[in-house]
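Here the structure is laid out as structure tokens; the discussion comes afterwards.
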Amino acid sequence: MAKKTRHELRLARHARLRKRVTGTPEKPRLSVYRSLKHISAQIIDDTTGRTLVAASSLEKDLKATGNIEGAKLVGQAIAERAKKAGLSSVIFDRGGFQYHGRVASLADGAREAGLEF
């Protein structure tokens, strides 16, 4: 039996989480993806399979990098965009990543900007 890669292990954790975490139109899912250099987040309505709002450290106008401060800026940006779209409450989906560092910073930034979860 071959050893699973870190990526395969993360996907297994994410699949386990997704059994319980689903987004509805009233309370969509805030999904986080963290790469080695960047971080992105999107708010998804799983009933229709549509992305309602998205933000990423790749966006030029955010001036965010892939570090903890950049993750906080991405969290604040997604919360502001969610408010404009009429969303105030979401379900947090850490994507199989540990709730630590950049993922936690993104969540804190979103909470500070007024998103509830």
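Would you tally the residues in region 29-77 being part of a helix (DSSP H, G or I), in contact with a strand residue (DSSP E or B) (Cβ under 6 Å, 6 or more places away or on another chain), under 10 Å from Arg102 (Cβ atoms) and among the small types (Gly, Ala, Ser)? Can you show your working first?
Filtering region 29-77 down to residues part of a helix (DSSP H, G or I) leaves 68-77.
Now drop any that are not in contact with a strand residue (DSSP E or B) (Cβ under 6 Å, 6 or more places away or on another chain), which leaves 71, 74, 77.
So of that shortlist, the ones also under 10 Å from Arg102 (Cβ atoms) come out as 71, 74.
Going one step further and asking which of them are among the small types (Gly, Ala, Ser), we end up with 71.
Summing the residues that are part of a helix (DSSP H, G or I), in contact with a strand residue (DSSP E or B) (Cβ under 6 Å, 6 or more places away or on another chain), under 10 Å from Arg102 (Cβ atoms) and among the small types (Gly, Ala, Ser) in region 29-77 gives 1.
Go through (1) free of Cβ contacts under 8 Å to residues at least 24 places away in the same chain; (2) within 23 Å of Glu8 (Cβ to Cβ) for Asp45 and report which single condition fails.
It fails just one condition, (2).
Would you check which residues across region 67-94 are closer than 13 Å to Val32 by Cβ and surrounded by fewer than 18 Cβ atoms within 10 Å (Cβ to Cβ) and list them?
Once the filter is applied, which keeps residues that are closer than 13 Å to Val32 by Cβ and surrounded by fewer than 18 Cβ atoms within 10 Å (Cβ to Cβ), region 67-94 yields nothing.
How many residues are surrounded by fewer than 22 Cβ atoms within 10 Å (Cβ to Cβ) and within 26 Å of Leu11 (Cβ to Cβ) if we restrict to region 104-115? If you could, list the steps in order and put the result at the bottom.
So in region 104-115, the residues surrounded by fewer than 22 Cβ atoms within 10 Å (Cβ to Cβ) come out as 104-105, 107-108, 111-114.
Among the residues that remain, those that are also within 26 Å of Leu11 (Cβ to Cβ) are: 104-105, 107-108.
Within region 104-115, residues that are surrounded by fewer than 22 Cβ atoms within 10 Å (Cβ to Cβ) and within 26 Å of Leu11 (Cβ to Cβ) number 4.
Let me spell it out: the conditions are (1) in contact with a helix residue (DSSP H, G or I) (Cβ under 6 Å, 6 or more places away or on another chain); (2) of a type outside the set (S, T, N, Q); (3) farther than 21 Å from Glu116 by Cα; (4) in contact (Cβ under 8 Å) with a residue 40 or more places away in the chain, and Ala64 meets all of them except one. Which number is the exception?
(4) is the only condition that Ala64 fails.
Every read-out reported here was derived from the displayed coordinates using simple, explicitly stated rules and does not represent laboratory data. All values derive from a computational prediction rather than experimental measurement. Please note: Cβ atoms are built from the backbone with ideal geometry, for glycine as well, and neighbour counts cover all protein chains shown.
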